[in-house]
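Undergrad: Below you'll find the structure I mean.
The values are calculated or read from the model by the stated rules, or taken from the named source; none is laboratory data. Everything numeric here is computed off the predicted structure, so don't read it as measured data. Cβ atoms come from the backbone with ideal geometry, glycine included; neighbour counts cover every protein chain shown. To get the accessible areas, we keep the full protein, side chains included, count just its heavy atoms, and leave off ligands, DNA and RNA. Shrake-Rupley method; radii C 1.70, N 1.55, O 1.52, S 1.80 Å.
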Amino acid sequence: HGPYQPHEPGYGLDQPGYSPYEDVIPDTHARMLAIKNAKAYLLKTSTKSGLNLYDHLANILTKILDEQPTNTVDIIENISKDVKWAQFRKKMDTLRDEPRIPPTFEAADRCKALFIREAGEEEREEVEEEMGEPALPNVMEVAFYFEQAGIGLSKDESYYIFLALKNLIRAQPVQTCRFWGKILGLEMNYIIAEVQLREGEEEEEAGEEGEGTTAEGEKETDEAEEDEQKEKEAEPPKSTYKPPPAIPKEANGTGTNKFVYFVCNEPGKPWVKLPPVTPAQIVCARKIKKFFTGCLDAPVVSFPPFPGNEANYLRAQIARISAGTHVSPTGFYQFADEEEEEVEGADTYEENPDFEPPPVAEMVESLATWAHHVKSILKQGRCVWINPTQKSEENEEDEEEEEEDEGEEPQEERGPPLLTLISEDEGMKDIPAWTAQASTNLIPEYSVAILQSNRWPGAYAFASGRKFENIYFGWGHKYSPESHTPELPPPAQPEYPSGTEITETVDPTVEEEMAFKIAQEEDLAEAEEEEDEEVEDD
């Protein structure tokens, strides 16, 4: 309602000479009507917000009386804004998506489970202390040493990984556990834990795998018998091609499958166990170069075709990186027996109690102070060579003829022995295989020896006294001075050689066909006469 007109009741209330506190009120009826009109004006709703001034002022006064802030007159505008925001109503539009939860809240929700202690956990920790060294590694201490050289993750992420490894040890029968490193991916990353299970657990897993293979073998035999019956009914031409024998994988706890690896994308997500690696996967992984996506079920599209998915490719790359970059100070490990050093394929060693760590300056200057403590992988894809053509005694008796047709046996491969010095590693053209440096030159007495692999960028090792550790942060690719060139497909199969036995003959003429028929009839007549003569003689 606008200003009152002279003919309207309430006119003159806003005049300067009028006071509501005077004893004489001009007209009671007119005053009540003016109050109603004023209230009706205040109750008018806004076309934008849907609110009215009367309710807004009432809410402001209610808020002021409830909270009773100091200097209310100075903050009345802010109180008015707060009241408006509190009364805001979201438009219910079915075409509008609900607001997504911010990633920070999702990450905090996942990490929340890392900080919860289960009942009886303190008693379990006391038992582990009585039994010996705990299986949980001190990730924060390792992160501290690598931080001296500017290597590693943030302190928050390192601590989250520390807690995630604790949950892994709680859920799995772990004997030893180590933070292997972090492999980067296009969509998500992989946090990797290197685990050695307790004795008996690996055998049970191997037994379960064996049961599965036997069941599959029975199915295959049944299918083979059915196929044989079908072939007897109508035998098509059989191919004489024999595929090369498959190279068996190394047993659990030995060679490339010495350790078990668990991965997760972020601390707080469930750990996933990677399958054992096979020689075929390692051989194919050397020929391809693929970025990881962060999804273990993702297919690996490459040439040559990779036998498996991204989980198998990740496991193959872990085996290759571990075999080439895991080093320790020379003399820290030793063989249990002198005879074991000469045994081929020996991969067991123990700590040397008489080891005296060399000074940091010597470890930086000479690469002969570092040695590999993981066996190298042969071209065959195994740490210990095996003859794929070698067969059991029963098969040898049944397949003597096939052995005569086979060519020469493959030559045995031999790799460098265990605990070989890294100074013997070959470089890449003008680039050495390793680079050693001190963490600081300003305070050399408190510096740490840092070793960096140039063949596998992202692989590092540190040594300080009797403490050392290996870690990897990278894309999981091997360095090559030349650009990667994929392997070419095999040449196309040649055409079948043409000869007289497959050459098409010329169609006979009519005279030749008639002569052929006459000759057939004469032959039949002679055969009938001979049969009649034999019958008469009898």
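Undergrad: Does any residue in segment 397-426 that is open to solvent by 100 Å² or more (accessible area, probe 1.4 Å) come within less than 6 Å, Cβ to Cβ, of a residue that is of a type in the set (Gly, Ala, Ser) and modelled with pLDDT of 55 or more six or more places away or on a different chain, and which pairs are these?
TA: none
Undergrad: Is it the case, given these coordinates, that THR435 is in contact with a helix residue (DSSP H, G or I) (Cβ under 9 Å, 6 or more places away or on another chain) and surrounded by fewer than 17 Cβ atoms within 10 Å (Cβ to Cβ)?
TA: No, not satisfied.
Undergrad: Across segment 291-310, which residue is farthest from LYS269 (Cα to Cα) among those that are aliphatic (A, V, I, L, M) and in contact with a strand residue (DSSP E or B) (Cβ under 8 Å, 6 or more places away or on another chain)? If you could, list the steps in order and put the result at the bottom.
TA: Taking segment 291-310 first, the residues aliphatic (A, V, I, L, M) are 296, 298, 300-301.
Those left that are additionally in contact with a strand residue (DSSP E or B) (Cβ under 8 Å, 6 or more places away or on another chain): 296, 298, 300.
Details: LEU296: 14, ALA298: 18, VAL300: 24 Å.
Per the stated criteria, the residue is VAL300.
Undergrad: Shifting gears a bit: Could you tell me whether segment 124-139 includes any residue that is surrounded by fewer than 15 Cβ atoms within 10 Å (Cβ to Cβ), at pLDDT 90 or above, assigned to a helix (DSSP H, G or I) and of a type outside the set (Asp, Glu)?
TA: Within segment 124-139, not a single residue is surrounded by fewer than 15 Cβ atoms within 10 Å (Cβ to Cβ), at pLDDT 90 or above, assigned to a helix (DSSP H, G or I) and of a type outside the set (Asp, Glu).
Undergrad: Of the numbered conditions (1) of a type in the set (Gly, Ala, Ser); (2) open to solvent by 30 Å² or more (accessible area, probe 1.4 Å); (3) without any contact (Cβ under 8 Å) to a residue 24 or more places away in the chain, SER158 satisfies every one except a single condition; which is it?
TA: For SER158, the failing item is (2).
Undergrad: May I ask you to list the residues in segment 468-522 that are among the acidic types (Asp, Glu), open to solvent by less than 100 Å² (accessible area, probe 1.4 Å) and closer than 30 Å to GLY150 by Cβ? If you could, list the steps in order and put the result at the bottom.
TA: If we filter segment 468-522 for residues that are among the acidic types (Asp, Glu), which is where we start, we get 469, 482, 487, 495, 501, 504, 507, 511-513, 521-522.
Right, trim to open to solvent by less than 100 Å² (accessible area, probe 1.4 Å) and you get 469, 487, 513.
Correct list: GLU469 only.
Undergrad: Hey, which of the helices (runs of 4 or more DSSP H) in segment 296-387, taking only ones fully inside, have at least 1 residues that are open to solvent by 30 Å² or more (accessible area, probe 1.4 Å), on the phi < 0 side of the Ramachandran plot and at pLDDT below 95?
TA: Hits in segment 296-387: 338-342, 360-365.
Undergrad: Then there is this: Would you please list the contacts, defined by Cβ atoms under 7 Å and residues six or more apart or on different chains, that run from a residue in segment 252-276 that is under 11 Å from LEU197 (Cβ atoms) to a residue that is assigned to a strand (DSSP E or B) and among the aliphatic types (A, V, I, L, M)?
TA: What qualifies is PHE259/VAL195; VAL260/VAL195; VAL260/LEU197; PHE262/ALA193; PHE262/VAL195; PHE262/VAL272; LYS273/VAL260.
Undergrad: For segment 32-61, name all the residues that are under 58 Å from the mean Cα position of the chain (by Cα) and exposed (fewer than 12 other Cβ atoms within 10 Å of the Cβ).
TA: The answer is SER46, THR47, LYS48, GLY50.
Undergrad: Further, regarding this structure: Filter segment 141-159 down to residues that are at negative phi and touching a helix residue (DSSP H, G or I) at 6+ places or on another chain (Cβ under 6 Å), then give me how many there are.
TA: 2
Undergrad: So LYS273 fits all but one of (1) touching a helix residue (DSSP H, G or I) at 6+ places or on another chain (Cβ under 8 Å); (2) open to solvent by 40 Å² or more (accessible area, probe 1.4 Å); (3) not aromatic (Phe, Trp, Tyr); what number is the exception?
TA: Status for LYS273: all satisfied but (1).
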